[in-house]
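Participant: Handing you a structure now.
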2 protein chains.
Amino acid sequence: MAKRAGKSTDSAGGSGRSSAAAKAKAKETARKIEGLAEMIVESARKRKSPKMEIPIRALSNVNFNPKKAILEMGKAAQSRQFFDLSMAKKFMQTMLVASHCKNLIDEEKTSSIRGLFYLCKHDVAGTKEKTFNDQDESDPIIEDLEVTIDALREELHVYASNRGNLVGPITLVDDGNTLDCMRMGSAGYAVPSICEPDVIQFKKCGAKYILHVEKDTVWRRFYEDRFHEKHRCIVTHGSGQPTRGMRRLLRRMHDELKLPVYCLLDNDPWGYYIYSVIKQGSINLAYESRRMAVPQAKFIGVSSFDYERCGLTDDVKIGLDDKDIKRAKQILEYPWFQGKKHWEKEIRKMMQNGFKMEVEAMINKRLTYLTEEYVPMKIRDPKQWLD
Amino acid sequence: MAKRAGKSTDSAGGSGRSSAAAKAKAKETARKIEGLAEMIVESARKRKSPKMEIPIRALSNVNFNPKKAILEMGKAAQSRQFFDLSMAKKFMQTMLVASHCKNLIDEEKTSSIRGLFYLCKHDVAGTKEKTFNDQDESDPIIEDLEVTIDALREELHVYASNRGNLVGPITLVDDGNTLDCMRMGSAGYAVPSICEPDVIQFKKCGAKYILHVEKDTVWRRFYEDRFHEKHRCIVTHGSGQPTRGMRRLLRRMHDELKLPVYCLLDNDPWGYYIYSVIKQGSINLAYESRRMAVPQAKFIGVSSFDYERCGLTDDVKIGLDDKDIKRAKQILEYPWFQGKKHWEKEIRKMMQNGFKMEVEAMINKRLTYLTEEYVPMKIRDPKQWLD
């Protein structure tokens, strides 16, 4: 991803963001930042108070679009002004972050969100005041910038931690390396934090669908039992709540390769919420849903009805605590769960059961029960999917 | 890693534990479990109370071996008897875990520690009592089994989460897949939970040393700046405290490929402790040190003296809290830090500074300061290493 002299062959590793498409994208994003700056300069020239309009990122400004079946940001925005004591600092912080992102793009470099905080941190000239005291201040500013100029954080060349792995019949190009994801070793292909088309391209795909599981330990069960070979599918995991990188990759494989996405998650409020984020996006980052959500994703289990359906024993039960029940009730209230009778039944059944169940608990029946019986049975029978 | 019919070519993916070496290793471990079982049966035949001797895994039984420079388990052991009300349950639990591990080995399968808990959990025949109520009960039993029969958890076919990535001029074979770690994409080669020789073999190595960094976000800085290319080295990270898999891989590359290991960690008690675990092992798992520790590993930074040495500004400072100070004092007390004047100076200097510093903070100077100046300077100058 670095700027390097002329190397672009696979064996040399990494051509990535030096490609023509990447350059065009970078130019477009840089142009958006310049546009913001020019607007500010223009106001100053006209002796008007420099300001920018920042869309509001809060539950109050998040709508569920039932037609597209994703969360969307509403039209509410706040004005951030320079000549306003309560806003001047944030105004300057926004410009500072924007200017560093512009540098990153120009230099064909990326930075972590923590790194960006350190890049931006310094004394405000002539004072003992710091531009930023804490990363808690800079992270929201990055998000403000994303929504203001309509560019994803990844397009601003800023990344977070990477998490998540993949195995299956797909050949992709990542940073110039052609990778056959059927033979990437026993932990699979490591999904990076930035999965934009200028970094990752799909070359060949023989998969029929994607199975997304919650944890790496479950993923390994599928890997070891060669589920991806036997069922010609891609198996992914996100080590819990999937990162933006993982979500973006799922969305892109779904869109560009027309692969259905099936989610295998724990039977608990956390599992329901992971599904909800994959499917329609998260509340905090509603503005990203249109590029990250997979509205057609199906939840195939573990369902509250599986205890009886699969003849499980009480060895798999984990008692619900107050927090679980509170969270389950919250989820029932989300507009995107409401009016979905099957989801209402599912969540109410969990509360009625009084227990939750982990995916790994299925192993109690037999080590390979999950991979040889449970999931094949679930995928065969659309009546068992929760949508 | 699964048992499969005759496939062992690279393109088919996964031959792993089906190799001859793997089979021999599996046989040896299975034999150890059988040995334990035979001893119990023998006692019963002789009408003696069946018992086993379990080495004690506690600080009281951990010694620092100054000659080998690693932590070692002492000789203290406890007897676990069947005909003793206070021990009968643990005795049976140990046999149950052993028997499931034997099954895993025989079936050429592996299980997560959570999965093993579910495999072992059932009603005790004729009672309402469970064999295990919680994973907190089964995890220590696995460790008991490891020390009793002297087999690593990985050899018992039990894994935990995988974490950590690697990039650099090394070609290895993982589960039958030949992987050139110079071209594994922008998140690098994903290090699996089990890195034993029957799973991972080294094929070719052009690296001069290993640089181990604490976090994936720092790793990406090195990746992007092509540090591994420019300096012909392997760059690894463990996402914080490295897993057993990562530690085993570091040790094996150090031993088998004669590669020096340099650690780049945060300047805080947590960073010191990560170094200490890589170098001489952890207290809890002292019995593994002889196969996981790298006593020759060097700490190259961030050092408490770097603030002045590198001309940093107060932007990099994070104030120490009470917990940091308490932890620093604890670390000073560890026998393996004691008597090392340079470490004493290092830790005392941190307390005197009154602040800690993250590796990423170096970015405050310049985005590529870490990769282009700081680390090359550190590696060039052995006087700056902490040993």
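The values are calculated or read from the model by the stated rules, or taken from the named source; none is laboratory data. Computed from a predicted structure; not experimentally measured. Positions of Cβ are generated from backbone atoms using ideal geometry, with glycine treated the same way; all protein chains shown enter the neighbour counts.
Participant: Step by step: first the residues of the stretch A:310-334, then only those that are under 20 Å from residue A:359 (Cβ atoms) and in a loop (DSSP other than H, G, I, E, B), then the one that is nearest to the other protein chains (Cβ to nearest Cβ). Which residue is that?
Facilitator: The extreme case among them is A:313.
Participant: Counting just the residues of the stretch B:161-193 that are closer than 21 Å to residue B:24 by Cα and within 7 Å of chain A (Cβ to nearest Cβ), which one comes out surrounded by the fewest Cβ atoms within 10 Å (Cβ to Cβ)?
Facilitator: Here the residue is B:177.
Participant: Tell me which of these residue A:136 doesn't satisfy, since it passes every other one: (1) crowded, with 18+ Cβ neighbours inside 10 Å; (2) more than 9 Å from chain B (Cβ to nearest Cβ); (3) part of a helix (DSSP H, G or I).
Facilitator: Going through the list (1) crowded, with 18+ Cβ neighbours inside 10 Å; (2) more than 9 Å from chain B (Cβ to nearest Cβ); (3) part of a helix (DSSP H, G or I), residue A:136 breaks only (1).
Participant: Condition check: touching a Ser or Thr at 6+ places or on another chain (Cβ under 9 Å), part of a helix (DSSP H, G or I) and among the aliphatic types (A, V, I, L, M). Does residue A:362 satisfy that? Outline the logic, then answer.
Facilitator: Values: touching a Ser or Thr at 6+ places or on another chain (Cβ under 9 Å): no; part of a helix (DSSP H, G or I): yes; among the aliphatic types (A, V, I, L, M): yes.
It is false that residue A:362 is touching a Ser or Thr at 6+ places or on another chain (Cβ under 9 Å), part of a helix (DSSP H, G or I) and among the aliphatic types (A, V, I, L, M).
Participant: If you don't mind, another one. Would you confirm whether or not the stretch B:369-383 contains a residue that is surrounded by 15 or more Cβ atoms within 10 Å (Cβ to Cβ) and not in a helix (DSSP H, G or I)?
Facilitator: Within the stretch B:369-383 (the criterion being surrounded by 15 or more Cβ atoms within 10 Å (Cβ to Cβ) and not in a helix (DSSP H, G or I)), the answer is no, since none of the residues qualifies.
Participant: In the stretch A:309-329, how many residues are touching a residue at least 60 places away in the same chain (Cβ under 8 Å) and under 25 Å from residue A:69 (Cβ atoms)?
Facilitator: Count: 0.
Participant: Of the residues that make up the stretch B:273-294, is at least one under 21 Å from residue B:202 (Cα atoms), assigned to a loop (DSSP other than H, G, I, E, B), touching a Pro at 6+ places or on another chain (Cβ under 7 Å) and in contact (Cβ under 8 Å) with a residue 60 or more places away in the chain?
Facilitator: no
Participant: Please verify whether residue A:248 is within 25 Å of residue B:186 (Cβ to Cβ), under 22 Å from the mean Cα position of the chain (by Cα) and within 14 Å of chain B (Cβ to nearest Cβ), treating the condition exactly as stated.
Facilitator: Yes, satisfied.
Participant: Related question: Do you know which of the residues in the stretch A:212-230 that are touching a helix residue (DSSP H, G or I) at 6+ places or on another chain (Cβ under 7 Å) and more than 9 Å from chain B (Cβ to nearest Cβ) is farthest from residue A:180 (Cα to Cα)?
Facilitator: Checking each candidate, the answer is A:214.
Participant: Look through the stretch A:107-133, keep the residues that are in contact with a Phe, Trp or Tyr (Cβ under 7 Å, 6 or more places away or on another chain) and assigned to a helix (DSSP H, G or I), and return whichever of them is surrounded by the most Cβ atoms within 10 Å (Cβ to Cβ).
Facilitator: The extreme case among them is A:117.
Participant: Please pick out the residue among A:361, A:328 that is touching a Pro at 6+ places or on another chain (Cβ under 7 Å) and surrounded by 13 or more Cβ atoms within 10 Å (Cβ to Cβ).
Facilitator: Checking each option against the conditions leaves just A:328.
Residues are listed down the side, and each one gets a yes or a no for (1) more than 20 Å from residue A:141 (Cα to Cα); (2) in a helix (DSSP H, G or I):
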position: A:30; (1), (2): no, yes
position: A:33; (1), (2): no, yes
position: A:40; (1), (2): no, yes
position: A:43; (1), (2): yes, yes
position: A:64; (1), (2): yes, no
position: A:67; (1), (2): yes, no
position: A:75; (1), (2): no, no
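Participant: Looking for something closer than 26 Å to residue B:224 by Cβ, assigned to a helix (DSSP H, G or I), in contact with a strand residue (DSSP E or B) (Cβ under 8 Å, 6 or more places away or on another chain) and more than 13 Å from chain B (Cβ to nearest Cβ) - is there at least one such residue anywhere in the stretch A:88-106?
Facilitator: yes
Participant: Sticking with this structure for a sec: Can you name the number of the only condition in (1) modelled with pLDDT of 95 or more; (2) surrounded by fewer than 21 Cβ atoms within 10 Å (Cβ to Cβ); (3) touching a strand residue (DSSP E or B) at 6+ places or on another chain (Cβ under 7 Å) that residue B:64 fails?
Facilitator: Result: residue B:64 fails condition (1) only.
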